[in-house]
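Report on the following structure.
The values are calculated or read from the model by the stated rules, or taken from the named source; none is laboratory data. Since the structure is predicted, the reported quantities are computational estimates derived from the model, not experimental observations. Backbone-built Cβ (ideal geometry, glycine too); neighbour counts: all protein chains shown. Accessible surface is based on the protein model in full, side chains and every heavy atom, while ligands, DNA and RNA are left aside. Shrake-Rupley method; radii C 1.70, N 1.55, O 1.52, S 1.80 Å.
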Amino acid sequence: MNKRDLLARINAKLAAELEAITSAALATHAEATDEENKAEDKYDTRGLEASYLAHGQSKAAEEAAQAVAQFSALPVRDFAAGELISLGALVRLEGRGRSHYFIGPRAGGTEVDVGGDPVLVITPQSPLGRQLMGRKQGDTLQLDLGGKRSEFRVSSVA
């Protein structure tokens with residue numbers, strides 16, 4: 001799995017999400033400030049509701065822009081054998097099947113497909129990220145999945 005390709009796909013997905021969120025925020029802002037949404041009486045809250053929505057969407061757009069900036073600035077580096085997992089690592093776990101995770105600065109939960117393999121972005125602050133940080137290839141970890149304790153092995157770190 002090529003890490004440069006992976007980061008390019010993550011950046012492309014985040015940029016597309018940023019564009020969609022920004023477009024929605026601008027449309028909602030236009031709706032909130034439109035003359036048609038001016039309150040007709042004290043019970044008419046359409047404009048107020050639209051302004052709350054526009055504010056929330058602008059915050060989401062700000063978060064997405066920060067994610068794009070941080071992923072764009074993230075250096076691509078390969079991890080040597082035995083090197084500890086840290087930010088920028090591509091980790092493959094084996095247990096009940098194989099799973100690929102990329103330790104990113106933000107945008108946890110973003111999933112991209114690389115060569116038919118799904119790769120999930122996780123952050124060091126996530127429960128799985130906290131367990132992986134500082135581990136290395138060959139280490140095992142215990143995870144609670146659906147109320148069951150499962151063992152996973154770090155099969156590769158790139």
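For (1) open to solvent by 60 Å² or more (accessible area, probe 1.4 Å); (2) touching a helix residue (DSSP H, G or I) at 6+ places or on another chain (Cβ under 8 Å); (3) among the aliphatic types (A, V, I, L, M); (4) closer than 15 Å to Ile10 by Cα, each residue gets a yes or a no:
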residue: Ile103; (1), (2), (3), (4): no, yes, yes, yes
residue: Ser126; (1), (2), (3), (4): no, no, no, no
residue: Leu132; (1), (2), (3), (4): no, no, yes, no
residue: Leu141; (1), (2), (3), (4): no, yes, yes, no
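For Arg96, the conditions (1) touching a Ser or Thr at 6+ places or on another chain (Cβ under 9 Å); (2) on the phi > 0 side of the Ramachandran plot; (3) surrounded by fewer than 13 Cβ atoms within 10 Å (Cβ to Cβ); (4) not polar (S, T, N, Q) all hold with the exception of (2). Checking each residue in segment 1-39 for being part of a helix (DSSP H, G or I), open to solvent by 90 Å² or more (accessible area, probe 1.4 Å) and in contact (Cβ under 8 Å) with a residue 24 or more places away in the chain picks out Arg4, Arg9, His29. Which condition breaks for Ser58 when tested against (1) touching a residue at least 40 places away in the same chain (Cβ under 8 Å); (2) under 15 Å from Leu18 (Cα atoms); (3) of a type in the set (S, T, N, Q)? For Ser58, the exception is condition (1). The set of residues in segment 121-140 being free of Cβ contacts under 8 Å to residues at least 40 places away in the same chain and either under 15 Å from Glu94 (Cβ atoms) or of a type outside the set (A, V, I, L, M) (or both) consists of Thr123, Pro124, Gln125, Ser126, Pro127, Leu128, Gly129, Arg130, Gln131, Gly138, Asp139, Thr140.
When Phe79 is tested against (1) touching a residue at least 40 places away in the same chain (Cβ under 8 Å); (2) open to solvent by less than 60 Å² (accessible area, probe 1.4 Å); (3) under 20 Å from Val112 (Cα atoms); (4) part of a loop (DSSP other than H, G, I, E, B), only condition (3) is not met. Kindly check whether there is at least one residue in segment 47-56 that is open to solvent by less than 100 Å² (accessible area, probe 1.4 Å), under 28 Å from the mean Cα position of the chain (by Cα) and over 30 Å from Val121 (Cβ atoms). Checked segment 47-56: at least one residue is open to solvent by less than 100 Å² (accessible area, probe 1.4 Å), under 28 Å from the mean Cα position of the chain (by Cα) and over 30 Å from Val121 (Cβ atoms).
Filtering segment 111-124 to residues that are open to solvent by 70 Å² or more (accessible area, probe 1.4 Å) and not in a strand (DSSP E or B) leaves only Gly115.
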